[in-house]
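Read through the structure below, which is laid out as structure tokens, and then see the notes.
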Amino acid sequence: MTSISLVIPSYGRAEDLGSALDSALRQDFPFDEVIVVARGDDPDTVEVAQARGVIVTSVDEPGVLAAMVAGAKRATSDVVAFTDDDARLPRDHASRLRSYFDQTGVFGVGGRDVLYDGDLPRPTSLTHNVGRVRWFGRVVGNHHRGTGSVRPVFMLKGVNAAYRRSALAFPVGLRGTGAQPH
């Protein structure tokens, strides 16, 4: 059976992180490890993660890409899954990921991320046009609007993406700050 590490980069949103961790720890089939990546100047994030008994690893460089790299390096499972610190995972998230990765030839899996206003899902129009790259280079994410059956895509969004560790490689030397697309 495929093992899965969940990586959650977090900075400055300890309360949101608590909700994300609660959803990650209430899976119908648990993750093999849950890793929170926190910056050294964010003790509240570390405290929330430690209170829930998950692995905490630190990163000094700002930006989500640096945090994702640090989390992936710390992960020990067959698959590295990523989510955001303000996300809430459905109860069957880990078991659904396992069902895909237990199949031969699957190297990456993503899914719809539902945006919330408070406790209610935000209304949005749905589309099949998800995870595409146009002929002229424009990236079309639309992961929050996705509908339909499982299908190949060109790119996955970090809030709901998982990769077989043997196929996972991060670009090095990317410049910029804050959220870097991948």
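Taken together, the residues in segment 150-166 that are assigned to a helix (DSSP H, G or I), within 16 Å of the chain's Cα centre (by Cα) and either modelled with pLDDT of 75 or more or aliphatic (A, V, I, L, M) (or both) amount to 3.
A single entry from Gly131, Gly141 fulfils the requirement of being modelled with pLDDT under 90 and at negative phi: Gly141. The sole residue among Arg91, Arg122, Arg74, Arg134 that is farther than 23 Å from Leu168 by Cβ and in the same structural domain as Val48 (by TED's automatic domain parsing) is Arg91.
With the requirement that a residue be in a helix (DSSP H, G or I) and under 15 Å from the mean Cα position of the chain (by Cα), what does segment 3-21 give you? Result: Asp16, Leu17, Ser19, Ala20, Leu21.
Conditions (1) in contact with a Leu (Cβ under 9 Å, 6 or more places away or on another chain); (2) not small (Gly, Ala, Ser), marked per residue:
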| residue | (1), (2) |
| --- | --- |
| Val7 | no, yes |
| Gly40 | no, no |
| Arg52 | yes, yes |
| Asp102 | no, yes |
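Output the residues belonging to segment 107-132 that are surrounded by fewer than 10 Cβ atoms within 10 Å (Cβ to Cβ) and among the hydrophobic types (A, V, I, L, M, F, W, C). Answer for segment 107-132, where residues must be surrounded by fewer than 10 Cβ atoms within 10 Å (Cβ to Cβ) and among the hydrophobic types (A, V, I, L, M, F, W, C): just Leu120. Total residues in segment 133-149 satisfying the condition of being in a strand (DSSP E or B), surrounded by 14 or more Cβ atoms within 10 Å (Cβ to Cβ) and out of contact with any His (no Cβ under 9 Å at 6 or more places or on another chain): the figure is 1. Sub-9 Å Cβ pairs linking a first residue in segment 16-29 that is outside the structural domain of Gln50 (by TED's automatic domain parsing) and under 19 Å from Glu47 (Cβ atoms) to a second residue that is of a type in the set (Val, Ile, Thr) and crowded, with 18+ Cβ neighbours inside 10 Å, at least 6 apart or interchain, number zero. In segment 30-106, counting only helices (runs of 4 or more DSSP H) that sit wholly within it, the ones holding 3 or more residues that are surrounded by 20 or more Cβ atoms within 10 Å (Cβ to Cβ) and in contact (Cβ under 8 Å) with a residue 60 or more places away in the chain span 64-74, 93-101.
The values are calculated or read from the model by the stated rules, or taken from the named source; none is laboratory data. Quick caveat: nothing in here was measured; it's all calculated off a predicted structure. No Cβ is skipped: glycine too gets one built from the backbone with ideal geometry, and neighbour counts run over all protein chains shown.
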